[in-house]
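A quick write-up on the structure given underneath.
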Amino acid sequence: MPPREPDPTSPVDALSDGLVVVSASGLVLEANRVAREELGVAASTPVPPLLAEVWRAAAAGERGPVDLPVVTAQGPRTLSVTASRLAVGPTAGRGQGQDGGAEAGCTVLVLRDVTDEREQVDALSAFAGVVAHDVRGPISAMVGWSETALDALLSTPPADPVEVAALLARLHHGAQRLDRMVANLLLHATSRDRELQRAPVDLASVVEEVAEARDVRRWVEVHELPKVSGDAPMLQHLVDNLVGNAVKFVPAGVDPHVVVRGTQVGGVVDVTVTDNGIGIPAGMREQVFQRFERVPGTGLGGTGMGLSICRTIVQRHGGEISVGDGPDGVGSSFRVRLPAAV
């Protein structure tokens, strides 16, 4: 039976998923627009090697779905392929030209792009590992400090109040760390899809608020910062992560020094956050913006989500973020480009 030529008015061309009809002999009878344009599948040709295994499995009674890594016009993707074998029915032997149906023994392959879904599942699995390692540590320490503080308060004679206060301060610090980790997790889960509420944002005020909240104002130098257009809560998380990292990742015995300044060129504001910290190796300056990536050898912990969230927030605003050396090769300098407030 001759394959059917592509019909631009065919309903299957309106599908967002790929659809391929393969004959019992392994010839492509029909491929919809997605299959043709994204995968290069063409009618009147043998079933492509990437689909051949699924087609043969369908002939043996297996239907899938099966995940296939492929390279499409959009780049590397993951497709979930489901195969349906057409049994002999009322249309058997009547041919496509008479009633539009497929011949008996054909296999219909439906190809759905599940790249984003699989990436989210992988990210969740990776985060579970981070939680198991990083969250249990602070919790165990907090349990120990609280038990020690309780024993000290109930001892006879009572313990030195200074000693108890030090234990409670450690407990408070551990609770703050857990709170930041949970906040980052929630932001990581919402920053990709949350609708932006754009408004003029005074970044200078945001930096001041973040520095005061973290009790690091004495180490943060704020210069002129033009207002930007963006979602205020998300931009506050952006600044909090950048300033928090700049203060945290410094060599032992060195007081942090963070400088935040910005300039406006046309409709874009260039913001730089410069520090005197340990810096980021040149080979990791792209990698650190990926999820769960951390600079090795710091010994300072963290979830590895902060800079990934920063990039997501900046990209959602139509901007860019990058990192280079600080002044004289010391520390880091993060550059963020955001739309200027109108």
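The values are calculated or read from the model by the stated rules, or taken from the named source; none is laboratory data. A quick note: this is a predicted structure, and the numbers were derived from the prediction, not measured. Every residue, glycine as well, gets a Cβ built from its backbone with ideal geometry; the counts of neighbours run over all protein chains shown. These area figures cover heavy atoms from the full protein model, side chains too; ligands, DNA and RNA do not enter into them. Shrake-Rupley method; radii C 1.70, N 1.55, O 1.52, S 1.80 Å.
Can you tell which of LEU186, LEU178 is at pLDDT below 85, open to solvent by 70 Å² or more (accessible area, probe 1.4 Å) and outside any loop (DSSP other than H, G, I, E, B)? None of the other options fit; the residue is LEU186.
Of the candidates GLU147, GLU212, GLU208, the single residue that is among the charged types (D, E, K, R), at pLDDT 85 or above and either in contact with a helix residue (DSSP H, G or I) (Cβ under 9 Å, 6 or more places away or on another chain) or assigned to a loop (DSSP other than H, G, I, E, B) (or both) is GLU208. When ALA126, ALA132 are checked against the criterion of being surrounded by fewer than 11 Cβ atoms within 10 Å (Cβ to Cβ), part of a helix (DSSP H, G or I), among the small types (Gly, Ala, Ser) and at pLDDT below 85, a single residue qualifies: ALA132. In segment 215-231, the residues that are under 10 Å from ALA204 (Cα atoms) reach residues that are part of a strand (DSSP E or B) and open to solvent by 70 Å² or more (accessible area, probe 1.4 Å) with C-beta atoms within less than 6 angstrom, at least six apart or across chains, in these pairs: HIS223/ARG261; PRO226/GLN264; LYS227/PRO200. Looking at segment 219-263, which of its residues are more than 26 Å from ARG177 (Cβ to Cβ), among the polar types (S, T, N, Q) and crowded, with 19+ Cβ neighbours inside 10 Å? If the condition is that a residue be more than 26 Å from ARG177 (Cβ to Cβ), among the polar types (S, T, N, Q) and crowded, with 19+ Cβ neighbours inside 10 Å, then SER229 is the only one that fits. Checked against the criterion of being at pLDDT 85 or above and either surrounded by 12 or more Cβ atoms within 10 Å (Cβ to Cβ) or within 29 Å of the chain's Cα centre (by Cα) (or both), the candidates LEU154, LEU168 yield just one match: LEU168.
Restricting attention to segment 215-232 and to residues that are assigned to a loop (DSSP other than H, G, I, E, B) and among the acidic types (Asp, Glu), the residue that is nearest to PRO256 (Cα to Cα) turns out to be ASP215.
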